[in-house]
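To start, the structure under review is shown below, and the notes come after it.
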Amino acid sequence: MSRSRRKHDIIGLACHHHISEKKDKKASNRRFRSSVKQALRSGKDILPLRRELSDLWSFSKDGKTYFGELKYGGKRDKGIYDSLRRK
């Protein structure tokens, strides 16, 4: 796998490269589904919104960003670009 490279120049913003948002998303959706079920059982007319129940700022990853050749286009930055393209 030493020659494997990323297809797209998009990388997640976190302190570690291999952190996933899967656990955070699962917990958020579980919380949302259970509160909707409770609201329907109690007969409420207004259902809760997903943004009211979970805070995106508390997730372990801070989103994604683009790191294309335009950003690291110089000869001096070629090593940085190549290191970001590795898996």
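Please treat every number below as a calculation from the coordinates, not as lab data. None of these values were measured; they are calculated from a predicted model. So basically every Cβ, Gly included, is an ideal-geometry build from the backbone, and we count neighbours across all protein chains shown.
Taken about its Cα centre, segment 20-60 carries a charge dipole of roughly 260 debye when the Cβ of each Lys and Arg holds +1 and the Cβ of each Asp and Glu holds -1.
Using R0 = 30 Å, the C-beta based FRET efficiency linking Ser60 and Ser83 works out to 0.85. By the Stokes-Einstein formula, at 1.567 mPa s and 4 °C, segment 20-60 with its Kirkwood radius over alpha-carbon pairs has D equal to 119 µm²/s. Neighbour counts of C-beta atoms inside 10 Å place Arg86, Arg3 in the sequence Arg3, Arg86, starting with the fewest.
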